[in-house]
Amino acid sequence: MTQARKLILSTLLSTAIVVGLSGCAAALVGATAVGISAATDTRSVGTQLDDQTIEIRTITALKGEDRLDNSRVQVVSFNRAVLLLGQVSDSSLRDLATHIVRNVEGVQRVHNELQVAPVISLGQISKDTYITSKIKAKFVTDEMIKATDIKVVTENAEVALMGIVTREVADHAIEITRNTNDVKRVIDAFEIRR
């Protein structure tokens with residue numbers, strides 16, 4: 001058992017004991033979900049924490065830029081690569097977002113998929129959530145894909161796929177996604193494992 005998994009398991013056990021003694025079952029469920037997610041992720045626990053920190057820093061940096069106030073920008077970090085999805089009013093704001101993100105500590109790559117378009121509606125956001133759930137369900141039942149290895153993010157029916165996988169798995173995941181109803185475009189943001 002790796003050192004990281006031992007640490008996760010001991011943290012979960014400690015949390016379970018403390019929570020069990022205090023009687024707070026909801027906290028136990030939440031802590032368990034985080035621990036399981038961390039244990040099944042292909043990234044090291046340190047990289048997972050780095051990605052969370054990068055997301056927070058990136059969101060903070062983008063929120064600090066008044067010119068982006070009327071934009072919708074989603075930020076996802078995976079293995080120190082940042083994916084930007086959403087809508088901005090013109091290409092100069094798209095370029096500005098890239099510049100801001102490149103200067104965030106820890107960011108190694110930027111995938112800027114911001115579209116120059118009006119901000120999407122709440123109805124479209126709901127449809128995007130449904131599309132993501134359909135794709136994740138297909139990944140869970142597919143024998144070639146380990147669903148926990150792939151992050152799926154949908155914005156305006158455009159689906160971005162991130163993860164550290166082989167080229168064969170990436171191509172298979174892209175094909176599954178491409179053939180999912182309501183998907184307009186698939187964004188390949190995979191890191192290919194050799």
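The values are calculated or read from the model by the stated rules, or taken from the named source; none is laboratory data. Quick caveat, the model's predicted, so the values are computed rather than measured. Here the Cβ positions follow ideal geometry from the backbone for every residue, glycine too, while neighbour counts run over all protein chains shown. Keep in mind that these areas ignore ligands, DNA and RNA; they rest on the heavy atoms of the full protein, side chains included. Shrake-Rupley method; radii C 1.70, N 1.55, O 1.52, S 1.80 Å.
Computed on protein heavy atoms with a 1.4 Å probe, the accessible areas place H99, H172 in the order H99, H172, largest first. Using the 1.4 Å probe convention, the accessible area of the range 48-194 works out to 53 Å² per residue with neighbouring protein chains retained.
With the highest mean first, a sort of the peptides 101-114, 158-171, 56-69 on other beta-carbon atoms found within 10 angstrom per residue produces 158-171, 101-114, 56-69. In this structure F78 has an accessible area near 10 Å², from a 1.4 Å probe over the protein heavy atoms.
Rg/Rh for the range 67-194 stands at 0.98; both radii use Cα atoms, and Rh follows the Kirkwood definition. Pairs from the list K134/K184; K127/K184; K136/K184 with a Cα-Cα gap above 23 Å: there are none.
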